[in-house]
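Notes follow once the structure below has been shown.
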């Protein structure tokens, strides 16, 4: 119920009425080989559903942290993923969070940010922060809802990632999610 409430209170921060499904969460973490990553970052942890899947798939040598702008979701993620480092802040400050943990770059950034809800300027700022925080050949994984491809902000976002990343792959639609979604797997 808190997810629905947060969606209506903060529609720009929360991209969906309900959390990601187990199927979508598993699909997200199955794209990169998390076991070999040194530093994995999650942007937009929501209530921690995807965070839990990420943690299950990490090596004990992998450093992980999440960033969430919604204070209620920060608390929920911390409750659902005890001992996990979750920052209450913006993905714009990703480089600062990496430096705070003695990393220059992440080799995998997983995002559930609602790109289709963002202004052009915010899309540009966030994607620039992500790109500059990702090491060469690093993975950037992000979701999009199937219906969003009809709208200008999502079309623009796709053009942005295509222009920035060496490789952009799109998964088939994952129907076992509400709303149905797909995943972009981008490699720098």
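The values are calculated or read from the model by the stated rules, or taken from the named source; none is laboratory data. Keep in mind that this is a model prediction, so the values were computed, not measured. Positions of Cβ are backbone-derived with ideal geometry, glycine not excepted, and every protein chain shown enters the neighbour counts.
Residue-by-condition table, conditions (1) farther than 22 Å from residue 186 by Cβ; (2) at pLDDT 95 or above; (3) crowded, with 20+ Cβ neighbours inside 10 Å; (4) in contact with a strand residue (DSSP E or B) (Cβ under 8 Å, 6 or more places away or on another chain):
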residue: 4; (1), (2), (3), (4): yes, no, no, no
residue: 17; (1), (2), (3), (4): yes, no, no, no
residue: 25; (1), (2), (3), (4): no, no, yes, no
residue: 28; (1), (2), (3), (4): no, no, yes, yes
residue: 33; (1), (2), (3), (4): no, no, no, no
residue: 40; (1), (2), (3), (4): no, yes, yes, yes
residue: 57; (1), (2), (3), (4): no, yes, no, no
residue: 63; (1), (2), (3), (4): no, yes, no, yes
residue: 79; (1), (2), (3), (4): yes, yes, no, no
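Quick check, is residue 141 more than 24 Å from residue 48 (Cβ to Cβ) and modelled with pLDDT of 95 or more? I'd like the intermediate steps shown before the answer.
Numbers: more than 24 Å from residue 48 (Cβ to Cβ): no; modelled with pLDDT of 95 or more: yes.
Taking the combined requirement at face value, the residue does not satisfy it.
So that you can scan it fast, the table gives a plain yes or no per residue for (1) part of a loop (DSSP other than H, G, I, E, B); (2) more than 14 Å from the chain's Cα centre (by Cα):
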position: 54; (1), (2): no, no
position: 60; (1), (2): yes, yes
position: 66; (1), (2): no, no
position: 79; (1), (2): no, yes
position: 95; (1), (2): no, yes
position: 104; (1), (2): yes, yes
position: 107; (1), (2): no, no
position: 123; (1), (2): no, no
position: 129; (1), (2): no, no
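Filter the range 131-171 for residues that are closer than 11 Å to residue 115 by Cβ and not in a helix (DSSP H, G or I); which is farthest from the chain's Cα centre (by Cα)?
151
In the range 81-121, how many residues are surrounded by 14 or more Cβ atoms within 10 Å (Cβ to Cβ) and modelled with pLDDT under 95?
Residues meeting the conditions: 7.
Out of the residues in the range 132-151 that are over 12 Å from residue 111 (Cα atoms) and touching a residue at least 40 places away in the same chain (Cβ under 8 Å), state the one that is surrounded by the most Cβ atoms within 10 Å (Cβ to Cβ).
133
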